[in-house]
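> The following block contains the structure, expressed as structure tokens.
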Amino acid sequence: MGDPKKRRKTFEKPRKVWDLERLGKDRKLKATYGLKNMREIWKAETFLRQKRQNARKMLALSIEERAKREKELINSLARIGLLKTNATIDDILGLKIESLLERRLQTIVMRKNLSLTAKQARQFITHGKISVNGKKASTPGYIIPKDLESTVAYYKEPMKLLTPEQEKKGKKDLKKDFEESAATEEAIEKVIEEKAEGEK
């Protein structure tokens, strides 16, 4: 069983960590899905690699055992929305990393227009502003099962979303209001001073 305090590694590093072509693809994925670091990509790749290995091992089994195992594997992938229930082993072998990244809580929050960007979605989740099935969710990388996708929503109060243009406009309006209030205060002080001088 091992020591429960020591967590097992959930990912494997690629053989060529500094491969230029792979780094370019990973950077694009990182920017598109608002990922924090390369480890999140490696986790997704390791998960899919394990599923593909399981699918290849089934090819060596007897027909009855293979049908049973194949059904179990396809159903497990169908639950998280990666495959349909009538999929085959070829579909498992053809799975891409984008399919899994689309099932992350962070991506689903963005796709449901609960945030403006992937990074904002991550911020909302880590700050406890998102719920899944009525419970607070604070893990951006949580893979959402297909049946729980419709329950992803704001936790308690909905967030007010502002575009960068609206934020700039809001700041300008605040600045204008501040300047107007400052000018009004100056005018009032001037009137008070004039009145005081008149009384003397």
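The values are calculated or read from the model by the stated rules, or taken from the named source; none is laboratory data. On a predicted model such as this, the values are computed, not experimentally measured, just so you know. Positions of Cβ are backbone-derived with ideal geometry, glycine not excepted, and every protein chain shown enters the neighbour counts.
> Among the candidates Thr46, Thr107, Thr10, which residue alone is touching a residue at least 12 places away in the same chain (Cβ under 8 Å), among the β-branched types (Val, Ile, Thr), under 25 Å from Lys136 (Cα atoms) and in a helix (DSSP H, G or I)?
Residue meeting the stated conditions: Thr107.
> What are the residues in segment 130-141 that are surrounded by 16 or more Cβ atoms within 10 Å (Cβ to Cβ) and under 17 Å from Lys36 (Cα atoms), if any?
Pro140, Gly141, listed by residue number.
> Suppose the filter is part of a helix (DSSP H, G or I) and either crowded, with 17+ Cβ neighbours inside 10 Å or modelled with pLDDT under 90 (or both); does Ala60 pass it? Please lay out each step first, then the result.
On the way: part of a helix (DSSP H, G or I): no; either crowded, with 17+ Cβ neighbours inside 10 Å or modelled with pLDDT under 90 (or both): yes.
No, not satisfied.
> Something else about it: Which condition number does His127 fail, the rest of (1) more than 29 Å from Lys13 (Cβ to Cβ); (2) surrounded by 12 or more Cβ atoms within 10 Å (Cβ to Cβ); (3) outside the structural domain of Lys9 (by TED's automatic domain parsing) being met?
All conditions are met except number (2).
> What tally of residues in segment 104-118 results from selecting those that are of a type in the set (D, E, K, R) and more than 13 Å from Glu40 (Cβ to Cβ)?
Total meeting the criteria: 2.
> Using beta carbons and a limit of 7 Å, which pairs, at least six apart or on different chains, have the first residue in segment 77-100 and under 15 Å from Glu45 (Cβ atoms) and the second one of a type in the set (Phe, Trp, Tyr)?
Between residues of segment 77-100 that are under 15 Å from Glu45 (Cβ atoms) and residues that are of a type in the set (Phe, Trp, Tyr), the close pairs are Leu100/Phe47.
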